[in-house]
1. Scan segment 5-26 residue by residue and report those that are among the hydrophobic types (A, V, I, L, M, F, W, C) and farther than 29 Å from E114 by Cβ.
2. For segment 84-121, enumerate the residues that are out of contact with any helix residue (DSSP H, G or I) (no Cβ under 7 Å at 6 or more places or on another chain) and of a type in the set (S, T, N, Q).
3. Among the residues of segment 36-47, is any closer than 14 Å to Q121 by Cα and either modelled with pLDDT of 95 or more or not aliphatic (A, V, I, L, M) (or both)?
4. Which one of the conditions (1) open to solvent by 40 Å² or more (accessible area, probe 1.4 Å); (2) more than 14 Å from A5 (Cβ to Cβ); (3) without any contact (Cβ under 8 Å) to a residue 40 or more places away in the chain does M167 fail to meet, given that it meets all the rest?
5. Mind checking which residues of segment 1-58 are part of a strand (DSSP E or B), acidic (D, E) and within 19 Å of E170 (Cα to Cα)?
6. Considering each residue of segment 74-99, count those that are surrounded by fewer than 15 Cβ atoms within 10 Å (Cβ to Cβ) and among the hydroxyl-bearing types (S, T, Y), and give that number.
7. Given (1) at pLDDT 95 or above; (2) farther than 20 Å from K64 by Cα, where does H17 come up short, assuming only one miss?
8. Pick from V8, V67: which is under 17 Å from G89 (Cβ atoms), touching a Gly at 6+ places or on another chain (Cβ under 8 Å) and open to solvent by less than 70 Å² (accessible area, probe 1.4 Å)?
Amino acid sequence: MSTSALIVIDMLNPFEHADADALIESVEEVVDPLRSLLDEARRRDDVRVLYVNDNYGDFSADRKDLVDRARKGRRPDLVEPILPLPTCGFMSKVRHSAFYGTALEYLLSREKVERVVLTGQVTEQCILYSALDAYVRHFQLKVVRDAVAHIDADLGAAALRMMESNMRAEIVTADECF
């Protein structure tokens, strides 16, 4: 059983939305630290790697569909380095939180996960709401500062402060996470 879950949120993105350009600039900065963190997590027995990704309104989309859509999008170079391995958990979501309408809480509970480590995008939206949902479910919480991407830098920084202050999140870097 895993004691930690590294959750990668919404990184399978075709970047074909109104605020994509601002997001791309930030994602360019987090791909390498996230890839390193994934490599470390995959070597460990005490960490479960899970991807939770927006289905972009396509309720028939599965893992393969979302991966294919992201790879055919505007910036496949931002997706290729962090693609989910076939052995990791994968869930699609329809709203901001990785917990809302998904089996994530059940899976974490079943595997006796105590600590949730959040990475992905967007810091001031899906990461923030997922952190709140993890907190109210009594999970220990880490947010990897250099492995979360923002649209608005000020709001992203404020979200990190809020997670640290209000949700007792430990804000760490990828190098110090595990």
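1. Passing the criteria: F15, A18, A20, A22, L23, I24.
2. Listed by number, the residues that qualify are T87, T102, S109.
3. First pass over segment 36-47, keeping only residues closer than 14 Å to Q121 by Cα: none.
No, the conditions are met nowhere in segment 36-47.
4. Only one criterion in (1) open to solvent by 40 Å² or more (accessible area, probe 1.4 Å); (2) more than 14 Å from A5 (Cβ to Cβ); (3) without any contact (Cβ under 8 Å) to a residue 40 or more places away in the chain is unmet by M167, namely (1).
5. The initial filter retains those residues of segment 1-58 that are part of a strand (DSSP E or B), namely 4-9, 47-54.
Subsequent filtering for residues that are acidic (D, E) retains 54.
Those that are part of a strand (DSSP E or B), acidic (D, E) and within 19 Å of E170 (Cα to Cα): none in segment 1-58.
6. Matching residues across segment 74-99 total 1.
7. Going through the list (1) at pLDDT 95 or above; (2) farther than 20 Å from K64 by Cα, H17 breaks only (1).
8. Values: V67 fails: touching a Gly at 6+ places or on another chain (Cβ under 8 Å).
Being under 17 Å from G89 (Cβ atoms), touching a Gly at 6+ places or on another chain (Cβ under 8 Å) and open to solvent by less than 70 Å² (accessible area, probe 1.4 Å) holds for just one of V8, V67, which is V8.
The values are calculated or read from the model by the stated rules, or taken from the named source; none is laboratory data. As the structure is a prediction and not an experimental result, all values here were calculated from the model. FYI the Cβ positions are ideal-geometry reconstructions off the backbone, even for glycines, and counts take in every protein chain you see. Each accessible area value is taken on the protein alone, full model and side chains, heavy atoms only, with ligands, DNA and RNA left out. Shrake-Rupley method; radii C 1.70, N 1.55, O 1.52, S 1.80 Å.
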